[in-house]
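Input: a single structure, listed below in structure tokens.
Just so it is clear, none of the values below were taken in a lab; they were calculated from the coordinates. The structure presented is a predicted model; accordingly, all values stated were derived computationally and were not measured. All Cβ positions, glycine included, derive from the backbone under ideal geometry; neighbour counts span all protein chains shown.
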Amino acid sequence: MHQRMKKWILFFILSFFLFSLSANLFAVSPITVQEYLEQNDLQFSPLFQLYLKPLDEQGLDEEEKQFLALLVQLPQDSQEEYGKIIFKEKQVTAALLERMQQEINDQNKKESSIEEKTDQVIALDKWQEGLPPIDDASWHWLLPDERSMPIQYHGETVVLASCLYYGSLEELAKNTLVIYYSLADQEANISKGFIPVPDFALALFPGESRKSKMTVRAYERKGHDFIFTEEWEMPFKDMLLDTDLHEVVRHHDIAFRDIFEEWLWSQELPTRLVLASRERTARIENLFLPILEIHKNSTTLIFMEDEIGIW
């Protein structure tokens with residue numbers, strides 16, 4: 001019986017020894033900062049890694065691994081700031097991770113905004129060559145009936161305006177608005193989806209907000225193409241009597257004003273308009289160039305007595 005007991009004790013001792021040995025063999029050893037960086041192809045300078053030494057004391061836990069994954073996404077000055085925090089505090093907290101994630105989110109938004117502005121500049125540069133072809137699928141009529149609009153003076157048509165967006169129907173506020181001008185003698189040709197042969201066009205490129213920088217470009221038809229001739233910015237600080245009304249072609253040093261006036265006089269104008277001009281009670285180019293009425297949540301295009309919501 002005594003001999004048997006000795007065998008059982010020896011069996012338990014041997015089993016415990018083998019279990020301890022296997023546990024040590026198969027246990028996952030704590031991972032160091034250097035090992036984690038190498039495994040995940042992350043890089044910090046050897047000097048900077050000195051800030052991270054406190055994380056090696058017990059090996060990296062999940063929060064510390066997340067810290068390193070976030071840290072590599074930040075600019076160098078932020079990395080150094082967080083490295084000094086770890087060197088001093090010797091731990092990663094949930095608040096620190098949240099702060100880092102917020103900084104990364106803000107950084108991504110800023111980069112996205114810069115990319116969007118760059119895309120807008122590139123898109124604007126393309127318009128310096130001329131207007132996109134009229135059969136481009138990105139053109140959309142402003143008015144639902146898809147027709148040109150007669151602009152009249154006391155009931156008599158003086159010019160025809162065809163207003164179209166260029167861009168996406170889902171993002172009208174970002175679209176370029178183009179106004180094609182045709183002479184009044186083509187009024188009989190107005191029909192759905194057709195632009196009576198135009199001679200000039202104005203393109204309005206909206207800014208980031210309703211009363212921020214807005215670029216305007218003038219184009220003149222040469223054969224079948226519209227060639228870029230002049231560019232200016234909407235003078236939002238130089239307003240009319242009503243603070244919400246802004247002339248698209250405000251300043252008199254814009255060459256397009258004189259070109260447009262000469263073009264208007266090239267046709268037979270209504271007698272009342274001619275008399276008003278001679279008596280200097282009206283400058284005809286002012287009457288037929290557009291005005292924008294801009295409120296907080298809407299922008300309206302005004303031609304004489306016609307008003308159209310645009311953005």
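Couple of notes before you dig in:
- Lys, Arg +1 and Asp, Glu -1 on Cβ, resulting dipole of segment 150-208 about Cα centre, debye, nearest 20: 80 debye
- Peptides ranked, highest mean first, by Cβ atoms within 10 Å: ranges 196-204, 220-228, 257-265: 196-204, 257-265, 220-228
- Each label point was placed 7 Å from the Cα along the Cα-to-Cβ direction; for Asp253 and Trp139 their separation is 3.5 nm.
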